[in-house]
Amino acid sequence: MTITLSKKEMMNRALNSMTINIGKAGINENVIEEIKRQLKANEIVKLRFAKNIANQKEDYLAVIVEKTRSKLVDLRGNVAVIYKKKP
């Protein structure tokens, strides 16, 4: 039996989760690897995008979700929450 979390439960867990800041340099393999490590450890990670790259955040999120095989839970302003169930 698998237990799935509701969006509300995920958002509550996100309050205490690791936040990774994505700055003007954008994303690279090191950032992707750190996101993978945090997802493996915590299942939920918050990504905070710098204001000067806010217009590119959807593109960055698409790449992050694809490469980490995670799921976008929520996007509010410049903060995104992603989730990946532990194996």
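The values are calculated or read from the model by the stated rules, or taken from the named source; none is laboratory data. Computed from a predicted model, the values in this text were never measured in an experiment. Positions of Cβ are backbone-derived with ideal geometry, glycine not excepted, and every protein chain shown enters the neighbour counts. The protein model used for the area step is the full one, side chains on, heavy atoms only, and it has no ligands, DNA or RNA in it. Shrake-Rupley method; radii C 1.70, N 1.55, O 1.52, S 1.80 Å.
Which of the residues that make up the stretch 18-52 are in a strand (DSSP E or B), open to solvent by less than 60 Å² (accessible area, probe 1.4 Å) and among the polar types (S, T, N, Q)? Selection gives THR19 alone.
All of (1) open to solvent by 80 Å² or more (accessible area, probe 1.4 Å); (2) among the polar types (S, T, N, Q); (3) under 9 Å from the mean Cα position of the chain (by Cα) hold for SER70 with one exception: (1). For the stretch 73-87, a residue qualifies if it is free of Cβ contacts under 8 Å to residues at least 24 places away in the same chain and either among the small types (Gly, Ala, Ser) or under 16 Å from ASN21 (Cα atoms) (or both), and the qualifying residues are LEU75, ARG76, GLY77.
When GLY26 is tested against (1) under 25 Å from LYS8 (Cα atoms); (2) touching a residue at least 12 places away in the same chain (Cβ under 8 Å), just one condition goes unmet, and that condition is (1). For first residues located in the stretch 43-70 and farther than 16 Å from GLY23 by Cα, partners that are part of a helix (DSSP H, G or I) and open to solvent by 40 Å² or more (accessible area, probe 1.4 Å) and lie 6+ apart or on another chain with Cβ distances below 7 Å form the pairs ILE44/ARG13; THR68/LYS36.
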